[in-house]
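Here the structure is laid out as structure tokens; the discussion comes afterwards.
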Amino acid sequence: MDQDRLDRLCITTLRMLAADAVEEAKSGHPGLPLGAAPMAYVLWSRFLRHNPGNPSWIDRDRFILSAGHGSALLYALLHLFGYGLPLEEVRRFRQWQSRTPGHPEYGHTVGVEATTGPLGQGFAMGVGMALAERHLAQCYNQPEFFPVVNHFTYAICSDGDLMEGISSEAASLAGQLCLGKLIYLYDNNGICIEGSTNLTFSEDVARRFEAYEWHVQQVEDGEDLEAIAAAIEAAQEEEERPSLIMVRTRIGHGSPLAGTAEVHGAPLGTAGLAATRQFYNWPEERFHVPEEVREAFREMVRRGVEQEEEWQARVEACRTRYPDEMSCMESRLRGELPTKWDTGLRALTWSDKGIATRAASGQVINAIAPHLPAMIGGSADLAPSNNTWINSSEARNIHFGVREHAMGAMANGMALHGGLLPFVGTFLVFSDYMRGAIRLSALMKTPVVYVLTHDSIAVGEDGPTHQPVEHVASLRAIPGLTVMRPADGPETAACWRQAVTGGSPVALILTRQKLPLLPHGADVDAQVARGAYIVEEGEGEPEAILIATGSEVGLALEARRVLAKEGRRVRVVSMPSWELFAAQGADYRERVLPAAVKARVVVEAGTSFGWHRWAGDAGRMITVDRFGASAPGEKVLEEYGFSVANVVSVTREVLDK
């Protein structure tokens, strides 16, 4: 069989595996796989450097299916390329506990580089991966040796990806950063769920991306394998600009509904699938894979093994002169922390004059960074306010610009790439712009640190538009995200320790205003790691418990001391993290919050939503269940009840019930 006929047979196999999977599930999106299979096949068979036998090969090319609704195509590729995804799993597409969920999930299916489906997120994550490649190449490639970090980041994106605003932010920054090893194939089929994209998306995409300083090419026939290959080759040769290859495809190609919105998100149906089989002259047997196709894919896999072996030889050659650098690179990319990463953290001291936790966080970042080369990050044009600047290394600071949407997703891409521990900063009130990315962080368990400052109505004069009220509760609602609101410098350092070592995303909620130093007794790192602990109390069993976080812990302590003079036995609990406290054993939780003590008062300058869990039915809450106001921060806090007098008064009422 000549190569062209073999290529066509392989592409038809991909198409029909995807169509069969969707039909078997009676759910899914057959249109993209039928239309985009040729470009995916050309990329994977001729250009993508990967070894299915070692999916974590450091210098593999990365591939993201940003148009994650076309997941059946990716699963067909993973099956045929031997990523350990058996045909039975393709048959179980979208079924309970299958390895072929409706949208690709990182960590669930081997070979999936990122969880995609929310349109635009994959596009922006790819920019983060390309940025990670650039950074690591600058760190470890040596001029007299062949490069050891030298790979491309590819994606297939859709009209929907390009409509989402996040892609505009990410594309703009990718062009600004000259990420020449970023190559995106645009499935330009002109169809969205409601009909033709001309309904809402008639812009000149090519000129838009050229304005972003991208290298743009157009392939007018998505079935023209050689034209697609030539475009990818030209994109690889372009070193300064990221590339967008606009491939004109026909959604649902070969089906009776080809070129229509009806084929986007519904199975073809019995008759439609039969007609598609007839179009491709394909056997009636579902999930049919010709033996010559299997052999062709086995040969492609052998090429990947050879490519990794060649790379390993390069690493060994470089190791002869740079053993420490190569060892460091491999350790970093395995996600290992240096043995003395916290040297600077342990050396920090804190003044009893107090400090804003955003400033404390900045000190921690600069104490950690010299000993943790994987640490990299930046802010959405707010570094001086967020205190997110690494003073010792210009190359590890990223100017994201006012692009929170893309910033969060890019951080996920950097974390997924490996070798980096990214942190990103903005005001807490703007975390809403990153919510999609934060949610995916939690879903993928990417170790991204979100530095969210200006955390309450204490922001003051900027008023309710900039005063977060519901945001901490909103973040606490995300499963898998650890939200931490430290109350002073030592707690902030302990929260950063948890963020570095925890292996999952963390949101640090930090103040603009200075906070007093707490009377820490035992090891504050251990206390914070448990999510809540007793800061101060009188002798004997407590009559009441004040539970506070962040800036309100100091307020609770002042109120306790007033009540102590009245002979009241009041305990103050700092609860920097609900999630960590909830994960403790029942015995520890009982020691901190005894069930017998019903008199509880929660003090937090945010919404009461969710606090009933810790306050109990008999408890009271001094919280903020309305928007803020424009005035000096201290005045706003006082008017909203965050004063010693009010905390004392409310506690008395609870005690006297």
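Beyond 22 Å between alpha-carbons counts as too far, so tell me which of Lys181/Lys340; Lys514/Lys635; Lys340/Lys445 fall in that bin. Could the numbers behind the result be given before it?
Numbers: Lys181/Lys340 34 Å; Lys514/Lys635 15 Å; Lys340/Lys445 24 Å.
From the list (Lys181/Lys340; Lys514/Lys635; Lys340/Lys445), the Cα-Cα distance tops 22 Å for Lys181/Lys340; Lys340/Lys445.
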Which cross-chain or sequence-distant (5 or more) residues have an amide H under 5 Å from the amide H of Gln218, H modelled 1.01 Å from N in plane? Met246
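Can you give the accessible area per residue of segment 234-374, in Å², using a 1.4 Å probe?
Averaged over the residues of segment 234-374, the accessible area is 52 Å².
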Summed over the other residues with a beta carbon less than 14 angstrom from that of Val553, with K and R at +1 and D and E at -1, the charge totals -3
Shape of segment 98-223 from its Cα gyration tensor (a ≥ b ≥ c, root eigenvalues): rounded if a/c is under 1.5, otherwise prolate when a/b > b/c, or oblate? oblate
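What's the ranking of 193-204, 594-605, 266-277 by average number of surrounding C-beta atoms within 10 Å, highest first? Intermediate values should be presented prior to the final figure.
On the way: 193-204: 12.1, 594-605: 19.8, 266-277: 17.7.
Most protected by this proxy first, the peptides run 594-605, 266-277, 193-204.
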Take the alpha-carbon centre of segment 172-242, take the same for segment 1-45, and report the distance between them in whole Å. 21 Å
Only four residue types carry charge here, +1 at the Cβ of Lys and Arg and -1 at the Cβ of Asp and Glu. Report the dipole size of segment 347-492 about the Cα centre in Debye, rounded to the nearest 20. 460 debye
Computed ³J(HN,Hα) along segment 532-545: with the Karplus parameters 6.51/-1.76/1.60, θ = phi - 60°, integer Hz and x for glycine or proline, the list is 7, 7, 7, 8, 7, 6, x, 7, x, 5, x, 8, 9, 10
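Using only the Cα atoms of segment 465-577, what semi-axes does the equivalent ellipsoid have when each is the square root of 5 times a gyration tensor eigenvalue? Give whole Å, largest first.
Values: eigenvalues 132, 52, 33 Å².
Gyration-tensor ellipsoid for segment 465-577: 26, 16, 13 Å.
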In terms of the ratio Rg/(2.2 N^0.38 Å) built on C-alpha atoms, what value belongs to segment 409-460? 1.21
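Let me have the relative contact order for segment 371-484, percent, based on Cα pairs under 8 Å that are six or more residues apart. Spell out each step's value before the answer.
Numbers: 183 pairs, mean separation 27.4, N = 114.
It rounds to 24 percent for segment 371-484.
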Can you list the HN-Hα couplings for segment 454-465, worked out from phi with the Karplus curve (6.51, -1.76, 1.60; θ = phi - 60°), rounded to whole Hz and with x for Gly and Pro? 6, 8, 7, 5, 5, 4, x, 4, 5, x, x, 5
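To one decimal place, what orientation-averaged projected area in nm² is obtained for the convex hull of the Cα set of segment 56-113? Intermediate values should be presented prior to the final figure.
On the way: hull surface 15.2 nm².
For segment 56-113, averaging the hull's shadow over all directions gives 3.8 nm².
How large a share of the accessible area of the chain, in percent, is made up of carbon and sulfur atoms when the probe is 1.4 Å and the other protein chains stay in place? Spell out each step's value before the answer.
Values: 12440 of 25310 Å².
For the chain, the apolar C and S fraction of the accessible surface comes to 49 percent.
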Between the residues Gly190, Ser45, Ile390, the Cα farthest towards the positive end of the dipole of the chain, that dipole coming from +1 and -1 charges on the beta-carbon of Lys, Arg, Asp and Glu, is from Ile390
For segment 232-391, what ratio Rg/Rh do Cα atoms give with a Kirkwood hydrodynamic radius? 1.20
Straight distance only, please: which aspartates and glutamates reach the Cα of Lys353 with their own Cα at less than 14 Å, same-chain residues fewer than 8 apart left out? Asp488
Would you mind classifying segment 182-270 by shape? Square roots of the alpha carbon gyration tensor eigenvalues, ordered a ≥ b ≥ c; an a/c under 1.5 is rounded, otherwise it is prolate if a/b is larger than b/c and oblate if not. oblate
Over segment 242-289, relative contact order from alpha-carbon pairs under 8 Å, at least 6 apart, %: 28 percent
Taking 8 Å as the Cα distance limit and 6 or more residues as the minimum spacing, I'd like the relative contact order of the chain as a percentage. 11 percent
If packing is taken as the mean number of other Cβ atoms within 10 Å per residue, what is the order of 410-416, 606-612, 438-444, 493-499, highest first? 410-416, 493-499, 438-444, 606-612
Span from the segment 593-657 Cα centroid across to the segment 348-402 one, whole angstrom: 32 Å
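Rounded to a whole number of µm²/s, how large is the Stokes-Einstein D of segment 565-657 at 4 °C and 1.567 mPa s, given Rh as the Kirkwood radius over C-alpha pairs? All intermediate terms of the calculation are to be shown ahead of the outcome.
Working: Rh = 14.7 Å.
Rounded, D is 88 µm²/s.
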Volume in Å³ per residue [convex hull over Cα atoms, computed for segment 1-50]: 85 Å³
For segment 543-580 and segment 61-115, what is the centre-to-centre distance using only Cα atoms, to the nearest Å? 50 Å
Charge dipole (debye, nearest 20) of the chain; +1 at Cβ of Lys and Arg, -1 at Cβ of Asp and Glu: 1880 debye
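Using the crude model of +1 on Lys and Arg Cβ and -1 on Asp and Glu Cβ, and no other charge, please compute the dipole size for segment 197-315 relative to its Cα centre, in debye to 20.
Values: 12 positive and 25 negative charges, 126 e Å.
It works out to roughly 600 debye.
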Against the 2.2 N^0.38 Å rule of thumb, the C-alpha Rg of the chain sits at a ratio of 1.07
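Kirkwood hydrodynamic radius for segment 401-540: how many Å is it when counted over pairs of different Cα atoms?
Details: mean 1/r = 0.0633 Å⁻¹.
The answer is 15.8 Å.
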P(r) of segment 365-436 in 10 Å steps, Cα pairs, percent per bin? 22, 54, 24, 1
For segment 176-225, max minus min Cα coordinate along each principal axis, in Å, sorted largest first? 35, 28, 15
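Before rounding to the nearest 500, sum -39500 (n - 2.57) across all DSSP H runs of length at least 4 in the chain and divide by the residue total; then give [θ] at 222 nm in deg cm²/dmol.
The per-residue figure over the chain is -12500 deg cm²/dmol.
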Could you list which residues have their amide H under 5 Å from that of Arg620, counting only those 5 or more apart in sequence or on another chain, with H placed in the peptide plane? Arg600, Val601, Val602
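The values are calculated or read from the model by the stated rules, or taken from the named source; none is laboratory data. What you are looking at is a predicted structure, and each value in this text was computed from that prediction instead of being measured. As a convention, Cβ positions derive from the backbone with ideal geometry for all residues, glycine included, and neighbour counts pool all protein chains shown. All accessible areas refer to the heavy atoms of the entire protein, side chains included, with ligands and DNA or RNA removed. Shrake-Rupley method; radii C 1.70, N 1.55, O 1.52, S 1.80 Å.
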